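One structure below.
The values are calculated or read from the model by the stated rules, or taken from the named source; none is laboratory data. This one's a predicted model, so the numbers in the text were calculated from it and none came from an experiment. Every residue, glycine as well, gets a Cβ built from its backbone with ideal geometry; the counts of neighbours run over all protein chains shown.
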Amino acid sequence: MALNIPMPGKRFVIGVPYGWLILFFFLPFLILLYISFVDMGGDISPFKPIWDPVSGILSLKYENYLAIFRTEEGAPLFRTLYIDAYLRSIWYALCTAVLCLIIGYPFAYFIARSPASVRPALLLMVMLPFWTSFLLRVYAWKGILADQGVLNRLLMSIGLISEPIPMLYTNVSMLIGMTYVYLPFMILPLYANLVKMDFRLLEAAYDLGTTPFKAFWLITVPLSKAGIVAGFMLVFIPCVGEFVIPSLLGGPENLMIGRVVWDEMFTANDWPRATALAVIMIALIVIPLALYYHYSSDPAEKR
Amino acid sequence: MKQLLERHFGKAWLVLVYAFLYLPLVFMIVFSFNSTRQDARFTGFSLRWYEALTRDTKIVEGFWLSLKVAAITGVLSAVLATFAAFVLVRYRRFLGRTIFSGMVNAPLVMPEVIIGLSLLLLAVGAQNLFGWPQRGMLTIILGHTLLGMAYGMVVVQSRLMEMDRAIEEAAMDLGAKPHQVFFLITLPNIFQALLAAFLLAFTLSFDDVVISEFLSGPGVNTLPQVIFGYARRGINPTIYAAATLLIVTVTVVIVSYAVWVARSTRKREREIAAALKS
């Protein structure tokens, strides 16, 4: 097969996106890494160069990283503001992913089992809110969940509660917001997986006397494992770095790592600290991703 | 009986989740027509928030800036996404292919905070070295394009992969030059995906807060930045009015795109059937 037709412009075609990415993705990352290893600067420059201009000595500073793990007294107790923020981010991202799975799995399953003629419309209806501004949809939850908001008033008018439940600026409102925003990221890969499933397998199991529940656990769930894992990653990863939703719906005790990086950068003006925090954040995201690729990719697909 | 139960449970679940997905949209549309600032009670129909919207210079300026940024980002992203997808699909072997595919896909999983932060550092570095560029529209576009290109690439790549290469080879055999093949055969074939990539990048850009917050300069505020500023302060029905206009626009664009795709697919199928018959 003549799949590799010689193209005189091959260099140009590869060069344009390659150059773009080197310049605007790789180089910025190197700068980020570089600043995380230097000292905080004085008044004019936000950071000092890595080599001493007088003596010419090159010195890497690990101080920015150590400071993340060190408590005030200097004892490495691992309970710093930063560690807490990392753990909180991971915890909320996990909760969001689990909530999305619980809501999204039956949803994707029932769409996949609905008649083929209505499926495109049902999917389009999932995509539509997803295309309208994410910021505005998060903002709307503020009005819905406020103390004097629609939900509290509704619950009060039907007599379920006598006074408003504080929901806004708590972890409840934050989790509602994150689940709401990331639900389509769970539904779409699950649907893509479930729609390919051969539902005759379930019928065969029923014929052999299995209960629907058991058939679901023993057949449907294992067959859709790839979709579950993909959806879980698609929700978990962006949630770890989420910035807007905690800012709008979370309270002061829901400080997440994205916000901490921002504050170090613009409020404390400590660029080396902010970049060191960012580097660890990248590591936190790359590790589960690497595990995912390692376990999910087919041995046959590996080149 | 079991099947019946499953069907009813299924319908109820679908309805509930759709209600969850659409609740904020309905809420904003309804309360954008409210006559008072009151949030939880509909006190009467009025258009005062729409009027307030047109008079809010920050929002109006932000809107035009966002529109410009999103349009340029959309075009740049679609072009770069086509390049990147072409490289990944057609060139199986070249130096640094793994690094390349890693770099193209990385923005999909990188938190926006990190993309914003690292590009800010680049911008500051360049400014110290060359005195250029000032933080503002240009830097925002660069940041958005990094993201838009990655998403657009996924769309264009899948279209390029399913495209039948025999027609390109046929054109080549008939003496077409490579660039002619690309512009006359390949491009029309992947046009639908290009449009989707443009729309995706446009929407991402039009909606982005975090990257813009890192990369904008003084006095340069995109619409989401203005809204984010308002949103942190409290309830403002003017934003509901803006949201309603956006929801209507997006619905019209997405539904017409879906109808157009469905129609052109059917047309192509009919043409293929007719060609096979003759």
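In this structure, does B:Val220 turn out to be within 24 Å of A:Arg259 (Cβ to Cβ) and surrounded by fewer than 21 Cβ atoms within 10 Å (Cβ to Cβ)?
Working: within 24 Å of A:Arg259 (Cβ to Cβ): yes; surrounded by fewer than 21 Cβ atoms within 10 Å (Cβ to Cβ): yes.
Considered against the rule, which asks whether it is within 24 Å of A:Arg259 (Cβ to Cβ) and surrounded by fewer than 21 Cβ atoms within 10 Å (Cβ to Cβ), B:Val220 comes out as yes.
Counting only residues that are of a type outside the set (Phe, Trp, Tyr), in a helix (DSSP H, G or I) and either facing chain B (nearest Cβ under 9 Å) or in contact with an Asp or Glu (Cβ under 9 Å, 6 or more places away or on another chain) (or both), how many does segment A:252-266 have?
Selection size over segment A:252-266: 6.
Of the residues A:Thr267, A:Thr275, which single one is modelled with pLDDT under 90, among the β-branched types (Val, Ile, Thr) and out of contact with any Pro (no Cβ under 7 Å at 6 or more places or on another chain)?
Numbers: A:Thr275 fails: modelled with pLDDT under 90.
Within the list A:Thr267, A:Thr275, the selection yields A:Thr267.
Yes/no per residue for (1) more than 30 Å from B:Phe31 (Cα to Cα); (2) among the hydrophobic types (A, V, I, L, M, F, W, C); (3) part of a helix (DSSP H, G or I); (4) in contact (Cβ under 8 Å) with a residue 24 or more places away in the chain:
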{"residue": "B:Asn221", "(1), (2), (3), (4)": "no, no, no, yes"}
{"residue": "B:Val226", "(1), (2), (3), (4)": "no, yes, yes, yes"}
{"residue": "B:Ala242", "(1), (2), (3), (4)": "no, yes, yes, yes"}
{"residue": "B:Val261", "(1), (2), (3), (4)": "yes, yes, yes, yes"}
{"residue": "B:Glu269", "(1), (2), (3), (4)": "yes, no, yes, no"}
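Rundown of residues vs (1) more than 13 Å from chain A (Cβ to nearest Cβ); (2) surrounded by 14 or more Cβ atoms within 10 Å (Cβ to Cβ); (3) within 30 Å of A:Leu27 (Cβ to Cβ), yes/no style:
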| residue | (1), (2), (3) |
| --- | --- |
| B:His8 | no, no, no |
| B:Ser35 | yes, yes, no |
| B:Phe45 | yes, no, no |
| B:Ser66 | no, yes, yes |
| B:Phe86 | no, yes, yes |
| B:Gly102 | no, no, yes |
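Looking for something surrounded by fewer than 17 Cβ atoms within 10 Å (Cβ to Cβ) and more than 8 Å from every other protein chain (Cβ to nearest Cβ) - is there at least one such residue anywhere in segment B:110-117? Let's see the steps before the verdict.
Kept after step one, since they are surrounded by fewer than 17 Cβ atoms within 10 Å (Cβ to Cβ), are these residues of segment B:110-117: none.
No, because not a single residue in segment B:110-117 is surrounded by fewer than 17 Cβ atoms within 10 Å (Cβ to Cβ) and more than 8 Å from every other protein chain (Cβ to nearest Cβ).
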- request: Collect the residues in segment A:108-163 that are within 30 Å of A:Ser224 (Cα to Cα), free of Cβ contacts under 8 Å to residues at least 40 places away in the same chain, more than 7 Å from chain B (Cβ to nearest Cβ) and not aliphatic (A, V, I, L, M), keeping them in residue-number order.
  value: A:Ser114, A:Pro115, A:Ser117, A:Pro120
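Report, by residue number, each residue of segment A:90-107 that is touching a residue at least 60 places away in the same chain (Cβ under 8 Å) and within 12 Å of chain B (Cβ to nearest Cβ).
Step one: of segment A:90-107, the residues touching a residue at least 60 places away in the same chain (Cβ under 8 Å) are A:90, A:92-97, A:99-101, A:103-105, A:107.
Result: A:Ala93, A:Leu99, A:Cys100, A:Ile103, A:Gly104, A:Tyr105, A:Phe107.
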message: Here is a check on your reading of the model: is B:Leu23 within 24 Å of the chain's Cα centre (by Cα), facing another protein chain (nearest Cβ under 10 Å) and in a helix (DSSP H, G or I)?
response: yes
- prompt: Which members of segment A:238-251 meet the condition of being touching a residue at least 60 places away in the same chain (Cβ under 8 Å) and assigned to a helix (DSSP H, G or I)?
  reply: A:Cys239, A:Val240, A:Val244, A:Ile245, A:Pro246, A:Leu248, A:Leu249
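Can you say whether B:Leu95 is in a helix (DSSP H, G or I) and in the same structural domain as B:Ser216 (by TED's automatic domain parsing), as far as the supplied structure shows? Walk me through it before giving the result.
Working: in a helix (DSSP H, G or I): no; in the same structural domain as B:Ser216 (by TED's automatic domain parsing): yes.
Here the answer is no, as B:Leu95 does not meet what is asked.
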query: Which condition number in (1) within 12 Å of chain A (Cβ to nearest Cβ); (2) of a type in the set (A, V, I, L, M); (3) within 28 Å of the chain's Cα centre (by Cα) is the one that B:Leu95 fails?
result: (3)
- request: Might you check whether a residue that is modelled with pLDDT of 90 or more, more than 10 Å from chain B (Cβ to nearest Cβ), closer than 19 Å to B:Asp208 by Cα and within 14 Å of the chain's Cα centre (by Cα) occurs anywhere in segment A:226-243?
  value: yes
Helices (runs of 4 or more DSSP H) wholly inside segment B:138-215 that include at least 1 residues being among the acidic types (Asp, Glu): B:166-173, B:187-207, B:210-215
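Listed here are the residues, each with its yes/no results for (1) assigned by TED's automatic domain parsing to the domain that holds B:Gly74; (2) more than 26 Å from B:Val69 (Cβ to Cβ); (3) crowded, with 16+ Cβ neighbours inside 10 Å; (4) in contact with a Ser or Thr (Cβ under 9 Å, 6 or more places away or on another chain).
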{"site": "B:Thr145", "(1), (2), (3), (4)": "yes, no, yes, yes"}
{"site": "B:Met153", "(1), (2), (3), (4)": "yes, no, yes, yes"}
{"site": "B:Leu160", "(1), (2), (3), (4)": "yes, yes, yes, yes"}
{"site": "B:Phe182", "(1), (2), (3), (4)": "yes, yes, yes, no"}
{"site": "B:Ile185", "(1), (2), (3), (4)": "yes, yes, yes, no"}
{"site": "B:Ala197", "(1), (2), (3), (4)": "yes, no, yes, yes"}
{"site": "B:Phe206", "(1), (2), (3), (4)": "yes, no, yes, yes"}
{"site": "B:Val210", "(1), (2), (3), (4)": "yes, no, yes, no"}
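How many residues are more than 20 Å from the chain's Cα centre (by Cα) and either outside the structural domain of B:Leu204 (by TED's automatic domain parsing) or of a type in the set (A, V, I, L, M, F, W, C) (or both) when one looks only at segment B:120-143?
Residues of segment B:120-143 that are more than 20 Å from the chain's Cα centre (by Cα), as a first pass: B:120-136.
Narrowing the set further to residues that are either outside the structural domain of B:Leu204 (by TED's automatic domain parsing) or of a type in the set (A, V, I, L, M, F, W, C) (or both) leaves B:120-124, B:126, B:129-130, B:132.
Of the residues in that region, 9 qualify.
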